[in-house]
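Below: the structure, in C-alpha cells.
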Amino acid sequence: MEKLLKMLEFSDEEIKEQMPRIEKALERAKITEEDIERGKEIFTNYYEMRATRKIMGLWLKRFVDLMLWKDEKKKAIYHIHLGVPRYNILMHYAHPEIYSDFIDSVILYGTGGIFGNPKSNYFLEVAEANGMEQTQAQCSMNQMAYGALVSGFLPVPDLYVGGRQQCDQSAKLLELATEITGAPFATFDTCRDEAWGTFPEILDRPVNYWAKQMDRCFKDSERILGIEAPSVDQWRQARKDYAIMWLLFSNIFDTYIAAEGRPDHTENLQPMRWAVLEPHGHYMDEYKAAFQLYNQELKDKIAKGQYVLDKDVPRVSSVCGPNLIDPTLSRVWEECGLNLVIPASAEWIAPWELAGGAHKYPDFLQRIGESYIKKGYVRCGYDHIYRFLEMTKVARLDGVVVAPQFSCRILAAPAYYLKEALEREGIPAMVLEQDPFDPRVHTAEALRTRLEAFSEMVRSRKRKKVSV
Amino acid sequence: MLVAGIDVGAATAKALIMGGGSVLSYFIMPTGASVKQAAEVVIEESLRRAGVQRSNLDYVLATGWGRHGVGFANKTATEIWCHAKGIHFLIPGASSIIDIGGQDSKAINIDDEGDVVNFIMNDKCAAGTGRFCEVMAVILHLKIEDLGEIALSSDKPVSISSTCTVFAETELVAHRAEGESVENLTAGVMQSIAKRVAGMALQIRPTEKAVFTGGVAKNIGVKKFLEKELGLELIVPEEPQITGALGAALVAKTELEKSS
C-alpha cells in the first residue's frame, strides 16, 4: 500500500502518520491486496500528471474519512449528488465535529477510481439486485449511493442532504434512503421554469425562491442535528474558498484553450472536475494547491513543446465528459483523434460569468442562487444551448460530442436540440449516449467506432473548409 | 495494384478483393467466436475466388466492430467511413445510407465526394438490428430469410414494442397466444424494426437517393416498412452486405496511392 500511496503523492510523513487509519479503513471497505495491485497498475499506466495523483490522493483521504467517521466524529451528514457544494465546505468551518461529505463521489473515486472498476461496479450491482435497475429514473451516481446504503456498507448517518435544484432524482433517492435506514433528510428545491429567452437576465422570482429553499434546507438541518446556525463569517469563508477553487479551475481551462495541441492525457482532468462539483472544506487548501500545480505542469509541457495531440487534431467539447474513473475509456477520446479541450460545459466558466461583476442581490443565500442561475446549464435548455454556442467560439472548437449521461434529467433531454442548434451554426455535432460514472455501459471498442467516425467527419469538414 | 477490404461485423465477416479499380471477388461468412479466425478465412476464400496469392496483396484495410482484431491489416477505418465510400462508388450521387447490421444500425449522410457529413448509430440495445430479426424468427419457428416474404402477405401487422428486444419477445408471444396469424406477427416484427431505425435515422434527416445496406436490407418486409416510415424510396444494392468491405478496399486503394 505504501507504494500506491507514494504514487498518489502522499509524503513520507503523511504515510507514517496516516497509515494506521488507511489500513483500518481499507480493511473495513474490504480492499484486498489484489485491489491494491490493480491500483498500482492503473497509476503505472495512466495519470501522468502529479496534480491528478494528488487529487486522487485527496479522494482516498475522503474515502478513509467516510469509512472511519463513526469512530472519529459525533454525527454525520451524507450529501447526495446533486447537492450543495458550499454547504459541505461550510460544515467543516462551522461544525468540524460533524462528518459531512458527498458519499456517492467519495465511493466512486475511493473504490473504482483508485482500485479499479470492479470495486465501484459492486455498488451498482448491489443496487440493481435490490430493485434499482440501471437507467430506471436514477442516474448511476444515485444508484451507487443506493447500493452503498442498501448493502449496509456505510453506517447510518444522522441526516441526508440533497437538492432538487436541477432534477428530482436525488430528492427521490433521499426519500428512499430514509425509508431504508430511518435517518431523516433535508432537501431544497429550485425553479427551472423561466420563460424561453430570458437569458441572460436574472429575474427576482427564481433567485428569491432558491434563497428561501436553501434557507429552509439549512434550518431543517440545524433542527434535525441540533446544531447552531453557521456565522456570517463562516458562510463568507465557504463562499470565498469555493469561488477561488472555481477560478483556479478556470485558469486550467484558459491554458487548455490557449494551447495549440493537447499537453496531457485526457484522463488526467477527470478526477479534478468532480472535485470542483463536490468539494470538501477540510481539504480546500490541498485542492487549491493541486489545481495550481496542474496548471503549472500544463504550462511546463507547453513551454517544452510536449504535446500528446498536435495542433491539427480536432478540438471538441462534450456534455458530461468521458468516464470519470476508468482511464481506458477517457483515453479512447484521444486515441480516436479528439482533443477534448472542455470535457463538460457545466465546468467551464464563461467569460460573461467572470465579467458579470458584483452580485445584484444583498443576501448571501440570494447570491448563491444568483451564482447558480448565472451558470446557464442549470436554468433551462435554451441557456444550455446558448452556453455551448458561445463556448465553441471562445474555445475555438471544431465540433461537439453531445454526450450526456443517458438517464440524466437535465442533460439528456436537450441533447438533440443542442445538436441541431450547433449544426445550424455549422458546428459538427454527434449525440453519444453514455454514462460517465458507470464503466459497464460502453466498452472502449463501442466508444471507439463512434468517436473515430466523428473524428474522421470533423477532419474531412476541416480539410474542405481549408481548400475552399 | 491489388488491395483488400475486410469488414468484421458482430454477426458476419466480409472480405473483398479489388484489382485495378474493379471488384475481383468477395466472401461473406458468420463471424463466430474468433475475429482473428474469421478474418483469416474470409481473406483466404476471397483470394482463392479471385485467383490471386496473398503475397500479391499491396494493402489491406480492416473495418467493422472487429477491425482491431485483424492483425494483418495495414490500417483500420470505421465502418461508417467505409460504408460511405463503398456506397459512393456503387451508387454515385447517393446522399444517405441506412445500414442495419447484426448488432447495430446506423444512418449516414454523405456529400458528393462520398465523405460523411452526419451520422447516427444505435446505442446499447439490439432492438432495430439483425439480432432482433433472429430472435423473433426463432420464436415464430421461421427461417430468417423467409420473414420478409411472409410479412408482405399481412393484412394487419400486430403492434410490437420498438424499443426493447426482450419486451418485444414477450409481446410477440402474447399476440401468438391471442391467435394472430403468422403473417401479421411477422409483419409486426418487421414494422417494429422499421419504426426503431426510422426514429433514429430521421434525426439526421436522410434525403432522396437513400441506400439501404446490411444483412437486413435483404429483407423485403423491413424495406417496405422502412420506406413507409421514412417517406423515402430506398435503393438496395445487389449485395448489400459487402458495402463496408468495398469501402475498406477503396480506402486501402487511396492510402496506397498516397504512399506511392
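Pull up the range A:232-276, narrow it to residues that are under 23 Å from residue A:88 (Cβ atoms) and acidic (Asp, Glu), then point me to the one that is farthest from the chain's Cα centre (by Cα).
Selected residue: A:233.
Does residue A:151 fit the bill of being in contact (Cβ under 8 Å) with a residue 24 or more places away in the chain and closer than 20 Å to residue A:435 by Cβ? I'd like the intermediate steps shown before the answer.
Details: in contact (Cβ under 8 Å) with a residue 24 or more places away in the chain: yes; closer than 20 Å to residue A:435 by Cβ: no.
No.
Just one of A:96, A:157, A:85 is out of contact with any Pro (no Cβ under 6 Å at 6 or more places or on another chain), open to solvent by less than 20 Å² (accessible area, probe 1.4 Å) and more than 26 Å from residue A:37 (Cα to Cα); which is it? Spell out the reasoning first.
Values: A:96 fails: open to solvent by less than 20 Å² (accessible area, probe 1.4 Å); A:85 fails: out of contact with any Pro (no Cβ under 6 Å at 6 or more places or on another chain).
Just a single option satisfies the conditions, and that option is A:157.
Quick check: is even one residue across the range A:350-371 touching a strand residue (DSSP E or B) at 6+ places or on another chain (Cβ under 6 Å) and not polar (S, T, N, Q)?
At the first step, the residues of the range A:350-371 found to be touching a strand residue (DSSP E or B) at 6+ places or on another chain (Cβ under 6 Å) are none.
No, the range A:350-371 contains no residue that is touching a strand residue (DSSP E or B) at 6+ places or on another chain (Cβ under 6 Å) and not polar (S, T, N, Q).
Please determine, by comparing only the residues of the range A:448-467 that are surrounded by 23 or more Cβ atoms within 10 Å (Cβ to Cβ), more than 7 Å from chain B (Cβ to nearest Cβ) and within 27 Å of residue A:409 (Cα to Cα), which one is nearest to the chain's Cα centre (by Cα).
That would be A:451.
Could you check the range A:260-306 and list, in sequence order, the residues that are without any contact (Cβ under 8 Å) to a residue 60 or more places away in the chain, farther than 25 Å from residue A:336 by Cα and assigned to a loop (DSSP other than H, G, I, E, B)?
Passing the criteria: none in range.
Which pairs do you get when a residue that is open to solvent by 10 Å² or more (accessible area, probe 1.4 Å), found in the range A:166-185, comes within reach of a residue that is in a helix (DSSP H, G or I) and of a type in the set (D, E, K, R), reach meaning Cβ atoms under 9 angstrom, with the pair 6+ apart or on two chains?
Final answer for the pair search is A:184/A:220; A:185/A:175; A:185/A:220.
In the range A:403-431, which residues are in contact (Cβ under 8 Å) with a residue 60 or more places away in the chain, within 11 Å of another protein chain (Cβ to nearest Cβ) and open to solvent by less than 10 Å² (accessible area, probe 1.4 Å)?
Within the range A:403-431, the subset in contact (Cβ under 8 Å) with a residue 60 or more places away in the chain is A:403-411, A:415, A:418.
Retained after the next criterion (residues that are within 11 Å of another protein chain (Cβ to nearest Cβ)): A:403, A:406, A:415.
Result: A:403, A:415.
(1) surrounded by 20 or more Cβ atoms within 10 Å (Cβ to Cβ); (2) of a type in the set (D, E, K, R); (3) part of a loop (DSSP other than H, G, I, E, B): which one isn't true of residue A:241, the others all being true?
(3)
Scan (1) of a type outside the set (Lys, Arg); (2) without any contact (Cβ under 8 Å) to a residue 12 or more places away in the chain; (3) more than 14 Å from chain A (Cβ to nearest Cβ); (4) assigned to a helix (DSSP H, G or I) for the single condition residue B:167 breaks and write down its number.
Of everything listed in (1) of a type outside the set (Lys, Arg); (2) without any contact (Cβ under 8 Å) to a residue 12 or more places away in the chain; (3) more than 14 Å from chain A (Cβ to nearest Cβ); (4) assigned to a helix (DSSP H, G or I), residue B:167 misses just condition (3).
Answer yes or no as to whether residue B:64 is at positive phi and more than 14 Å from chain A (Cβ to nearest Cβ).
no
Kindly indicate whether residue B:85 is open to solvent by 60 Å² or more (accessible area, probe 1.4 Å), closer than 13 Å to residue B:248 by Cα and either hydrophobic (A, V, I, L, M, F, W, C) or within 14 Å of another protein chain (Cβ to nearest Cβ) (or both).
Numbers: open to solvent by 60 Å² or more (accessible area, probe 1.4 Å): no; closer than 13 Å to residue B:248 by Cα: yes; either hydrophobic (A, V, I, L, M, F, W, C) or within 14 Å of another protein chain (Cβ to nearest Cβ) (or both): yes.
No, not satisfied.
Considering only the range B:92-144, give the strands (runs of 3 or more DSSP E) lying wholly within it that have at least 2 residues that are within 11 Å of chain A (Cβ to nearest Cβ) and touching a helix residue (DSSP H, G or I) at 6+ places or on another chain (Cβ under 6 Å).
Working: elements: B:96-100, B:105-110, B:116-121.
The strands (runs of 3 or more DSSP E) meeting that bar are B:105-110, B:116-121.
Quick check on my filter: what residues within the range A:384-402 are touching a residue at least 40 places away in the same chain (Cβ under 8 Å), within 20 Å of the chain's Cα centre (by Cα) and in a helix (DSSP H, G or I)? Give the steps one after another, and end with the answer.
Our first condition is that a residue be touching a residue at least 40 places away in the same chain (Cβ under 8 Å); within the range A:384-402, this holds for A:386-388, A:390-392, A:394-402.
Narrowing further to those that are within 20 Å of the chain's Cα centre (by Cα): A:387-388, A:391, A:400-402.
Residues satisfying the conditions are A:387, A:388, A:391.
Among the residues of the range A:212-226, how many are open to solvent by 10 Å² or more (accessible area, probe 1.4 Å), farther than 11 Å from residue A:187 by Cβ and either outside any helix (DSSP H, G or I) or not charged (D, E, K, R) (or both)?
Initially, the range A:212-226 is screened for residues open to solvent by 10 Å² or more (accessible area, probe 1.4 Å), giving A:212-213, A:215-216, A:218-220, A:222-224, A:226.
Next, only the ones that are farther than 11 Å from residue A:187 by Cβ stay: A:212, A:215, A:218-219, A:222-224, A:226.
Still in the list and also either outside any helix (DSSP H, G or I) or not charged (D, E, K, R) (or both): A:218, A:224, A:226.
Qualifying residue count, the range A:212-226: 3.
Sort out for me the strands (runs of 3 or more DSSP E) sitting completely within the range B:1-91 that have 1 or more residues that are over 24 Å from residue B:260 (Cα atoms). Show your work before the answer.
Values: elements: B:2-8, B:12-19, B:22-30, B:59-63.
Because the criterion is at least 1 residues that are over 24 Å from residue B:260 (Cα atoms), the strands (runs of 3 or more DSSP E) in the range B:1-91 that meet it are B:2-8, B:12-19, B:22-30.
Taking the condition of being among the β-branched types (Val, Ile, Thr) and open to solvent by less than 40 Å² (accessible area, probe 1.4 Å), how many residues in the range A:227-238 meet it? Steps first, answer last, please.
First, the residues of the range A:227-238 that are among the β-branched types (Val, Ile, Thr): A:227, A:232.
Restricting the remaining residues to those that are open to solvent by less than 40 Å² (accessible area, probe 1.4 Å) gives A:227.
Qualifying residue count, the range A:227-238: 1.
The values are calculated or read from the model by the stated rules, or taken from the named source; none is laboratory data. On a predicted model such as this, the values are computed, not experimentally measured, just so you know. When we count neighbours, we look across all protein chains shown, and the Cβ atoms used for this are built from the backbone with ideal geometry, even at glycine. Side chains are part of the model used for accessible areas, which takes the heavy atoms of the whole protein and leaves out ligands, DNA and RNA. Shrake-Rupley method; radii C 1.70, N 1.55, O 1.52, S 1.80 Å.
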